[in-house]
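I have placed the structure first, in the form of structure tokens, so that the comments after it can refer back to it.
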Amino acid sequence: MRPRTAKPSWIRVRAPGSAAHAETARVVRSHGLHTVCEEAGCPNIGECWSKRHATFMIMGDTCTRACAFCNVRTGMPRPLDADEPRRVAEATKKLGLTHIVVTSVDRDDLKDGGAQHFARVIAALREAAPATTVEVLTPDFLRKDGALETVLAAGPDVFNHNLETVPRLYLSIRPGARYFHSLRLLQRAKEIDRRLFTKSGIMVGLGEAREEVMQVMDDLRSAGVDFLTIGQYLQPSARHAPVVRFVPPAEFDALRSIAVAKGFALVAASPLTRSSYHAGDDFAKLRAARRAAHA
């Protein structure tokens, strides 16, 4: 067991406790759904759930991968729940979400990696909450031919897939994945639909070098990615990869400035930034920026 490093003052958050938080939890429970907010131990759950925002994690709570940074359980997942798309859509409508983020565990056990299930969830959302914009944060669909096309054919507004870290650290941090496959997935999404907003994110504090982060930015821009998120890695438990360094807020500000200069349409960079944190507000900014560029 590795000892966990004490968190600095800028990484601490208030414990949840509002009535709105409790109501969000009730909706999630009553619909029998999983959220990445809970399963991954997101530090922003108190803030987001108090605003009735939740990120649904579909296809169960068990992942076929064993990434060193992730708190989601690993093992053999249960069969897909055919009724889950309906329940996700109903919960989204109940919460009054104007923008919904849907993610999932990795399902290497499925022939299509769960792509058709993603498509069914999108279709159910379009029917139940047609005014709600839909962001999907998908697995890499490694060795799942046609999976990306299946998801995009369902018409999400944002396609997100996180690179998570720099290529050098993949073997130890994300051993089941391949950096250039993930990069190519993002590039193909943009090639399939040039109007689609694409998004990716990385964590810092895992031992990456500054120049490696710069290279990831360049790789993502070459792949046409519009939106980059950068957040601090937090060690979920003593058995996960240790935090090598807590990056101070000023460095996140510098990374944001560099990324903007490299051409990203939007950059979110802070110690507490996560893929779905303020996702609805950020999507509204992206759409406004695109409209302004074409005015």
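The values are calculated or read from the model by the stated rules, or taken from the named source; none is laboratory data. Since this is a predicted model, take the numbers as computed values, not measurements. Because the Cβ atoms are built from the backbone with ideal geometry, glycine has one as well, and the counts that use them run over all protein chains shown.
Taking the stretch 240-264 as the range and being touching a strand residue (DSSP E or B) at 6+ places or on another chain (Cβ under 9 Å), outside any helix (DSSP H, G or I) and among the β-branched types (V, I, T) as the test, the residues that pass are V243, V247.
Would the stretch 104-120 turn up any residue that is touching a Leu at 6+ places or on another chain (Cβ under 6 Å), closer than 22 Å to G280 by Cα and in contact (Cβ under 8 Å) with a residue 12 or more places away in the chain? Checking the stretch 104-120: not a single residue is touching a Leu at 6+ places or on another chain (Cβ under 6 Å), closer than 22 Å to G280 by Cα and in contact (Cβ under 8 Å) with a residue 12 or more places away in the chain. Residues in the stretch 59-89 that are closer than 28 Å to A284 by Cβ and surrounded by fewer than 18 Cβ atoms within 10 Å (Cβ to Cβ): R86 only.
Selection within the stretch 190-207: residues that are over 16 Å from the mean Cα position of the chain (by Cα) and among the aliphatic types (A, V, I, L, M). The member of this set that is surrounded by the fewest Cβ atoms within 10 Å (Cβ to Cβ) is I192.
Can you give me the number of residues within the stretch 159-175 that are of a type in the set (V, I, T), under 27 Å from L196 (Cα atoms) and more than 16 Å from the chain's Cα centre (by Cα)?
So in the stretch 159-175, the residues of a type in the set (V, I, T) come out as 165-166, 173.
Going one step further and asking which of them are under 27 Å from L196 (Cα atoms), we end up with 165-166.
Narrowing the set further to residues that are more than 16 Å from the chain's Cα centre (by Cα) leaves 166.
Summing the residues that are of a type in the set (V, I, T), under 27 Å from L196 (Cα atoms) and more than 16 Å from the chain's Cα centre (by Cα) in the stretch 159-175 gives 1.
The single condition among (1) among the β-branched types (V, I, T); (2) surrounded by fewer than 22 Cβ atoms within 10 Å (Cβ to Cβ); (3) under 18 Å from the mean Cα position of the chain (by Cα) that I230 does not satisfy is (2).
Screening S237 on (1) in a loop (DSSP other than H, G, I, E, B); (2) surrounded by fewer than 22 Cβ atoms within 10 Å (Cβ to Cβ); (3) without any contact (Cβ under 8 Å) to a residue 60 or more places away in the chain shows it passes everything except condition (3). Listed by first and then second residue, the pairs with beta-carbon distance under 9 Å, at least 6 apart or on different chains, first residue in the stretch 139-154 and more than 19 Å from C63 (Cβ to Cβ) and free of Cβ contacts under 8 Å to residues at least 60 places away in the same chain, second of a type in the set (A, V, I, L, M) and part of a loop (DSSP other than H, G, I, E, B), are L152/L196.
If you filter the stretch 242-292 down to residues that are surrounded by 15 or more Cβ atoms within 10 Å (Cβ to Cβ), out of contact with any Asp or Glu (no Cβ under 8 Å at 6 or more places or on another chain) and among the small types (G, A, S), you find that the one that is nearest to H53 (Cα to Cα) is G280. Residues that are under 24 Å from L286 (Cα atoms), at pLDDT 95 or above and touching a strand residue (DSSP E or B) at 6+ places or on another chain (Cβ under 6 Å) do not occur anywhere in the stretch 172-181.
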